Amino acid sequence: MKWIESFLRYVRYEKNYSSHTVLSYKHDLSQFENYLSQLEGGVAPEVAERDHVRDWAASLMEEGVSTRTVARKFSALRTFYRYLQKQGVVAESPMRDIVPPKIHKSLPSFVRPAEMDLLLDEKVSDDDFPALRDHLILSILYMTGMRRAELVGLLDADVDTRAMQFKVLGKRNKQRLVPFGREMKAEIDTYRAARKRFVGEESPSFLVRDDGEPLYPQYVYRLVNRRLSEVTTLSRRSPHVLRHSFASALLNDGAELNSVKELLGHQSLASTQVYTHITFEELKRDYKQAHPRAIKKGGHYGS
């Protein structure tokens, strides 16, 4: 346990990993350590070998754990043993030559612009603070591509209506600036005025509940899930779906891939490129529906 705790402190305070990532690492490493302790004689993580890792993965798969989850656990182990090598605790990582299980990658779910228009074009009374706040949450998520944690963490000082930009604190405490337009500016001004009348006291948080306390992540999830169920039949209706929708809408309208990468706060272009597959599927769908020769007697062409 000593080295696991040392590793968790390292990634949290020296590498500035998010608390969510650190908790995930803690869970995966503790689970692996528990598995090793139940082996004959008990095995400490720092002396584990490749066969121990393989056997653990096999036991997880037998329990019905998904390949995606097993691959994530492998990633945690790989980072942990890299740290132990740096510290001179192990000479070789037991993760060497271990290939993670292949993950079937499905395309991200997204909401079509016409469906979002049904929600965002709704008229809300300037005196209805809860409705103004909830509408603004949907607007920000869809029109900026922010992550849920980034939205909840917004401070009032992070929202600059003069420069028309958000200062967003993303993963690994990396800041980025996300612009917005005049429509969003007007909505923010209306929200702030209503917040002052309804809540009274100024709060350092930008988005607050009816009692003036900061929003919490589950509130945002439930709101998005409920409102999206009114306009789409998607099985996934989370805030992250609105992030996907933002990216696919930009690319469908001709935005540069690098620009979308910066707006989303992705570290690598590979994370953003998945959305190009969405735009291609959209192109195929539009072609089949619009071109007179796309559908002929006997079947579909261009499939």
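The values are calculated or read from the model by the stated rules, or taken from the named source; none is laboratory data. Since the model is a prediction, treat every value here as computed from it, not as a measurement. Neighbour counts run over all protein chains shown; Cβ positions are idealised from the backbone, glycine included. Note: areas computed on protein heavy atoms with side chains; ligands, DNA, RNA excluded. Shrake-Rupley method; radii C 1.70, N 1.55, O 1.52, S 1.80 Å.
The residues of the stretch 31-51 that are open to solvent by 40 Å² or more (accessible area, probe 1.4 Å), part of a helix (DSSP H, G or I) and not acidic (Asp, Glu), listed by number, are GLN31, ASN34, TYR35, SER37, VAL47, ARG50.
Against the test of being surrounded by 13 or more Cβ atoms within 10 Å (Cβ to Cβ), more than 22 Å from the chain's Cα centre (by Cα) and in a helix (DSSP H, G or I), the options LEU136, LEU141, LEU60 yield a single qualifying residue, LEU60. Cβ-Cβ contacts under 8 Å between residues 6 or more apart (or on different chains), taken from a first residue in the stretch 151-168 that is at pLDDT 95 or above and of a type in the set (Asp, Glu) to a second residue that is open to solvent by 60 Å² or more (accessible area, probe 1.4 Å) and in a strand (DSSP E or B), are listed as ASP158/LYS167; ASP158/LEU169; ASP160/LYS167. What do you reckon, is VAL178 among the aliphatic types (A, V, I, L, M) and in a loop (DSSP other than H, G, I, E, B)? For VAL178, the condition - among the aliphatic types (A, V, I, L, M) and in a loop (DSSP other than H, G, I, E, B) - is not met.
Taking the criterion of being assigned to a loop (DSSP other than H, G, I, E, B), among the charged types (D, E, K, R) and either buried (at least 20 other Cβ atoms within 10 Å of the Cβ) or free of Cβ contacts under 8 Å to residues at least 12 places away in the same chain (or both), the residues of the stretch 213-254 that qualify are GLU213, ARG237, ASP253.
Restricting attention to the stretch 56-66, does a residue exist that is without any contact (Cβ under 8 Å) to a residue 24 or more places away in the chain, closer than 27 Å to SER235 by Cβ, out of contact with any Pro (no Cβ under 8 Å at 6 or more places or on another chain) and small (Gly, Ala, Ser)?
Yes: the stretch 56-66 contains one or more residues that are without any contact (Cβ under 8 Å) to a residue 24 or more places away in the chain, closer than 27 Å to SER235 by Cβ, out of contact with any Pro (no Cβ under 8 Å at 6 or more places or on another chain) and small (Gly, Ala, Ser).
To keep it simple, each residue is scored yes or no on (1) among the acidic types (Asp, Glu); (2) under 12 Å from LEU242 (Cβ atoms).
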{"site": "ASP128", "(1), (2)": "yes, no"}
{"site": "ARG133", "(1), (2)": "no, no"}
{"site": "ILE140", "(1), (2)": "no, yes"}
{"site": "LEU154", "(1), (2)": "no, no"}
{"site": "ALA157", "(1), (2)": "no, no"}
{"site": "PHE166", "(1), (2)": "no, no"}
{"site": "LYS174", "(1), (2)": "no, no"}
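For the stretch 17-29, a residue qualifies if it is surrounded by fewer than 12 Cβ atoms within 10 Å (Cβ to Cβ) and in contact (Cβ under 8 Å) with a residue 12 or more places away in the chain, and exactly one does: HIS20.
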